[in-house]
Amino acid sequence: MLELRAITAGYDRRAPAVRDASLTVAPGEAVGLLGPSGCGKSTLARVAALLHRPDSGTLLVDGAPVRRWRHRAPRAQRTAFGVVFQQPRLSADPRLRLTDLIAEPLRATGRREAVPGRVTELADAVGLTPDLLTRRPHEVSDGQLQRACLARALVLRPRWLICDEMTAMLDASTTAALVAVVEDYRAATGAGLLAVGHDQTLLDRWCDRTVHWDTVTAA
Ligand code: ADP
Ligand code: ADP
């Protein structure tokens with residue numbers, strides 16, 4: 001269970017971007033979070049993924065309250081989350097080849113021996129050919145880079161996936177392909193999903209339920 005309870009968060013304590021937001025994702029559930037641009041969805045998603053410390057409120061992961069965020073969070077908690085953002089180029093290290101981008105979380109957690117097998121498996125799943133894997137982020141398209149970002153998010157087999165406008169920059173066929181990869185991953189692992197977006201039709205199609213921002217925030 002992923003439970004956001006009365007979360008207030010932002011970048012300025014006097015004017016928080018998120019006020020008193022509550023949202024629950026059950027194990028294995030896919031929840032879509034819908035709302036207009038700038039309402040605070042990304043900020044809340046970053047709190048849920050342990051990437052942004054809230055000013056107040058509680059995040060419970062499988063019943064355990066999270067007390068530390070970002071690099072201070074225990075590794076076991078951090079690695080339970082796979083996160084994909086809207087802007088693949090901003091989140092990708094320009095020096096890394098796609099293969100190393102995908103493998104980095106494995107190397108960072110001391111699982112080098114798993115790299116070749118897991119990278120091959122994921123590249124196949126997201127539809128990246130071996131020649132694309134040797135390229136750097138600026139040498140591939142947005143769609144190809146987002147495929148690599150999704151593979152990277154799945155490489156440690158997270159129990160929770162947070163997709164923040166994952167397909168907003170992509171064409172219809174790449175969108176469908178990446179949504180299918182997430183669906184296959186969830187079917188195989190029972191992972192939960194929080195998908196942030198602004199397109200209700202798309203969220204309704206790949207989520208069990210879609211909640212509107214207005215019903216998430218009390219303020
Ligand atoms: P959404 O995902 O719904 O578009 P965001 O969570 O990105 O909303 O943004 C909520 C508010 O917080 C907006 O007013 C935005 O300008 C502001 N904001 C987002 N990121 C930052 C940041 N890094 N620094 C300061 N303000 C930010
Ligand atoms: P950065 O944003 O570069 O990681 P900070 O050191 O300001 O730099 O904070 C890192 C993160 O660590 C913050 O986003 C916050 O979530 C978390 N954090 C900061 N101070 C504490 C603290 N005293 N206890 C737990 N977590 C903290």
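Observations on the structure shown:
- Looking across region 147-178, just one residue is charged (D, E, K, R) and in contact with a Ser or Thr (Cβ under 6 Å, 6 or more places away or on another chain), and that is 164.
- Single residue of 67, 46 found to be open to solvent by 60 Å² or more (accessible area, probe 1.4 Å), closer than 19 Å to residue 167 by Cβ and in the same structural domain as residue 209 (by TED's automatic domain parsing): 46
- Every residue from region 24-39 that is more than 21 Å from residue 189 (Cα to Cα) and open to solvent by less than 10 Å² (accessible area, probe 1.4 Å): 33, 35
- Flag if residue 103 is open to solvent by less than 60 Å² (accessible area, probe 1.4 Å), more than 14 Å from ligand 2 (Cβ to nearest atom) and touching a helix residue (DSSP H, G or I) at 6+ places or on another chain (Cβ under 7 Å): yes
- The number of residues in region 98-128 being closer than 21 Å to residue 169 by Cα and in a loop (DSSP other than H, G, I, E, B) comes to 2.
- Any hit, region 14-35, residues being assigned by TED's automatic domain parsing to the domain that holds residue 213, of a type in the set (Ser, Thr, Tyr), under 25 Å from residue 167 (Cα atoms) and modelled with pLDDT under 95: no
- Among (1) in contact with an Asp or Glu (Cβ under 6 Å, 6 or more places away or on another chain); (2) surrounded by fewer than 20 Cβ atoms within 10 Å (Cβ to Cβ); (3) closer than 17 Å to residue 192 by Cβ - the single one residue 13 does not satisfy: (3)
- Output for region 69-101, where each listed residue is over 20 Å from residue 41 (Cβ atoms) and free of Cβ contacts under 8 Å to residues at least 12 places away in the same chain: 71, 72, 74, 76, 100
The rows are residues; the columns are (1) in contact with an Asp or Glu (Cβ under 8 Å, 6 or more places away or on another chain); (2) modelled with pLDDT of 95 or more.
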residue	(1), (2)
113	no, no
121	no, yes
126	no, yes
169	yes, no
176	no, yes
182	no, yes
187	no, yes
193	yes, yes
198	yes, no
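- Total residues in region 131-146, condition of a type in the set (Lys, Arg) and under 16 Å from residue 90 (Cα atoms): 1
- Qualifying residue in region 46-53 (condition: modelled with pLDDT under 95 and within 16 Å of ligand 2 (Cβ to nearest atom)): no
The values are calculated or read from the model by the stated rules, or taken from the named source; none is laboratory data. Model, not experiment: these values are computed from the prediction. Positions of Cβ are generated from backbone atoms using ideal geometry, with glycine treated the same way; all protein chains shown enter the neighbour counts. Side chains included, ligands, DNA and RNA excluded: accessible areas come from the protein's heavy atoms. Shrake-Rupley method; radii C 1.70, N 1.55, O 1.52, S 1.80 Å.
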